[in-house]
Amino acid sequence: MGNRKHSKTETDKLDPAVKETVDEMIKSGFRYCDIVDYIKDNGMSISLSAVGKYAKNLMTTLDALRISQENFRAIMEEIERYPNLDMTEGILRIMSSQMLTAVNQIPEEQLQNLDFDTLMKNAVSLTRAAAYKKQIDIKSKDILELGADQFRSMIFDAMATEDPELYKQVRKFIKSKQEKKE
């Protein structure tokens, strides 16, 4: 994937300021012949097909960027709606929702030609990702609780040795709070 060589196109040879203006012209919907004329007016030459190809690639890139931004915004909204949700879980929820929406919108005639093996593999991958995330969450919680237990034990041991009266008061306080919980 990274080994593909990028050959210089006619648009790559444009002056950066001209290229920036060309980008804005494309985004604003200028006709390709007007863009070619603008480039000629700036002392360079380019074919109409080169402008068309460049415009197609630019718009594809901009559309992909827009979709990525919309997906990120949806993930952030999901996370804001559920404060205990982390980024990974938000992404998994969005992906699951998008996959189900896509399957529900497939016309009946296309459903018969659908590669269900690929669809199922993707669903299984999504499920595995969710399960892996859950497993990591559980391990992290266990490690955190173990660390807290060790810290508590260390503090209580030091307190029992250095200030036995304080140790008794703290134990009594904790015991009373535990009894109230039950």
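Kindly indicate which of 135, 178 is surrounded by 10 or more Cβ atoms within 10 Å (Cβ to Cβ), polar (S, T, N, Q) and free of Cβ contacts under 8 Å to residues at least 40 places away in the same chain. Unique residue meeting the criteria: 135. Scanning for something aliphatic (A, V, I, L, M), in a helix (DSSP H, G or I) and surrounded by fewer than 11 Cβ atoms within 10 Å (Cβ to Cβ), does region 21-40 turn up at least one residue? No, there is no match, as no residue in region 21-40 is aliphatic (A, V, I, L, M), in a helix (DSSP H, G or I) and surrounded by fewer than 11 Cβ atoms within 10 Å (Cβ to Cβ).
No other residue among 159, 95 is modelled with pLDDT of 80 or more, touching a Leu at 6+ places or on another chain (Cβ under 7 Å) and either surrounded by 12 or more Cβ atoms within 10 Å (Cβ to Cβ) or of a type outside the set (Ser, Thr, Tyr) (or both) apart from 159. Restricting attention to region 41-63, the residues that are part of a helix (DSSP H, G or I) and more than 31 Å from the chain's Cα centre (by Cα) add up to 6. For residue 88, are the conditions met, namely being out of contact with any Gly (no Cβ under 9 Å at 6 or more places or on another chain) and within 28 Å of residue 133 (Cα to Cα)? Here the answer is yes, as residue 88 does meet what is asked. If the condition is being more than 30 Å from residue 76 (Cα to Cα) and not polar (S, T, N, Q), then region 95-128 contributes 107, 108, 109, 111, 114, 115, 116, 117.
The values are calculated or read from the model by the stated rules, or taken from the named source; none is laboratory data. Worth saying up front: this structure is predicted, and the values here are computed from it rather than measured. Please note: Cβ atoms are built from the backbone with ideal geometry, for glycine as well, and neighbour counts cover all protein chains shown.
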